[in-house]
Amino acid sequence: MMTPARLSRLCVCLFLMSLGCYRAPARTHPLPGALQATTERSVREAASAALATFNADGIGIEQFRPDTGLVESAWFDVSRLETGAIDYPPDERIVRFRFLATADTTGGPTMIYLEVVQPAVDPLGGRRRERVAPRDHPAMDVARRLMDRLAQRLGR
């Protein structure tokens, strides 16, 4: 039989384990500075095309939610895809690409966005957060090439 103390410890352990599994809900709006375009394809088709485009460059995927139009890469060193990034400090070469597709509720074209973010540290708590990569960052060159190839996949 389980004692109240053991049951309490078990509940605390299960709660702490569940925190590690929590994933914040996906945003449906892009960050400032995201590359953007339009397509006549559906949100699901655009997300599938983005997934194929990321996969073609060997970019690892952390999230793929075709119904909500989200494709998010894992964190990686962009110097693997852009040789000009090798001159950057190692911590500034780490990026993530996030693709978002949103349907126009009035029947217009689907908006597609590609964000380039870098990890940031919150000076107050040391918690990892994200910041938008600067426009002149080498990862933005990679993002532009990805958007061009994505447009080709989507038939524009």
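Numbers at a glance
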| read-out | value |
| --- | --- |
| Which listed residue, of Asp91, Asp104, Asp122, is under 21 Å from His29 (Cβ atoms) and modelled with pLDDT under 95 | Asp104 |
| Scan of segment 27-69 for residues that are within 13 Å of the chain's Cα centre (by Cα), within 24 Å of Gly107 (Cα to Cα) and charged (D, E, K, R), ordered by number | Arg27, Arg65 |
| Ile112 vs. criteria touching a Phe, Trp or Tyr at 6+ places or on another chain (Cβ under 9 Å) and assigned to a loop (DSSP other than H, G, I, E, B) | no |
| Any hit, segment 47-56, residues being surrounded by 16 or more Cβ atoms within 10 Å (Cβ to Cβ) and part of a loop (DSSP other than H, G, I, E, B) | no |
| Unmet requirement for Gly107, which otherwise passes all of (1) within 18 Å of Ala143 (Cβ to Cβ); (2) assigned to a loop (DSSP other than H, G, I, E, B) | (1) |
| Yes/no for Arg44 being more than 16 Å from Leu31 (Cβ to Cβ) and surrounded by 14 or more Cβ atoms within 10 Å (Cβ to Cβ) | yes |
| Contacts under 6 angstrom Cβ, first residue in segment 76-93 being without any contact (Cβ under 8 Å) to a residue 40 or more places away in the chain, partner exposed (fewer than 12 other Cβ atoms within 10 Å of the Cβ) and assigned to a loop (DSSP other than H, G, I, E, B), 6 or more apart | none |
| Residue match in segment 77-85 (condition: part of a helix (DSSP H, G or I), at pLDDT below 95 and of a type in the set (Gly, Ala, Ser)) | yes |
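The values are calculated or read from the model by the stated rules, or taken from the named source; none is laboratory data. As the structure is a computational prediction, the values presented were derived from the model and not from experiment. Reconstructed Cβ throughout: ideal geometry from the backbone, glycine too, with neighbour counts over all protein chains shown.
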